[in-house]
Amino acid sequence: MSLRKDSILRKHMVIAAFGFLLFYVAGSASAAQAAYPPLGIVSVSFTGLSCYLIYPGLYPQAVTISQDTTLRLSIRRTLTDQAKFLDSMG
């Protein structure tokens, strides 16, 4: 399944991806780990921004997916196909 470049769902997914990326960077550093330039404090300060980006990225995705029946059926079909593949591997 692919999304068009001008799709609103794709834009929300990109926003959420940036939020998760910033959250990972902010969570992996602490203020005590940094050297003299207080770069750890800057990294930790991105936690609020990353949480702010995750929420407006994930919530509209859930709303859009719940309203689009063809997208829901496509996701369901993909998940059942993958479950059958994993079942055959086991």
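The values are calculated or read from the model by the stated rules, or taken from the named source; none is laboratory data. Just so you know, these numbers come straight off a predicted model, no measurement behind them. FYI the Cβ positions are ideal-geometry reconstructions off the backbone, even for glycines, and counts take in every protein chain you see.
Residue by residue, here is whether (1) touching a Gly at 6+ places or on another chain (Cβ under 6 Å); (2) of a type in the set (Val, Ile, Thr); (3) closer than 19 Å to HIS12 by Cα holds:
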{"residue": "ILE41", "(1), (2), (3)": "no, yes, no"}
{"residue": "PHE46", "(1), (2), (3)": "no, no, no"}
{"residue": "TYR55", "(1), (2), (3)": "no, no, yes"}
{"residue": "ALA62", "(1), (2), (3)": "no, no, yes"}
{"residue": "LEU71", "(1), (2), (3)": "no, no, yes"}
{"residue": "SER88", "(1), (2), (3)": "no, no, no"}
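For residues in the range 28-50 being surrounded by 14 or more Cβ atoms within 10 Å (Cβ to Cβ) and modelled with pLDDT of 65 or more, which is nearest to the chain's Cα centre (by Cα)?
Across the range 28-50, the extreme among qualifying residues is SER50.
Could you say which residue among GLN61, GLN67 is surrounded by 13 or more Cβ atoms within 10 Å (Cβ to Cβ) and under 20 Å from the mean Cα position of the chain (by Cα)? First the steps, then the outcome.
On the way: GLN67 fails: surrounded by 13 or more Cβ atoms within 10 Å (Cβ to Cβ).
None of the others qualify; the one that does is GLN61.
Are there any pairs with C-beta distances below 8 angstrom linking a residue in the range 7-27 that is surrounded by fewer than 13 Cβ atoms within 10 Å (Cβ to Cβ) to a residue that is modelled with pLDDT under 85, with the two at least 6 apart or on different chains, and if so which?
Note: pairs meeting the criteria are ILE8/THR64.
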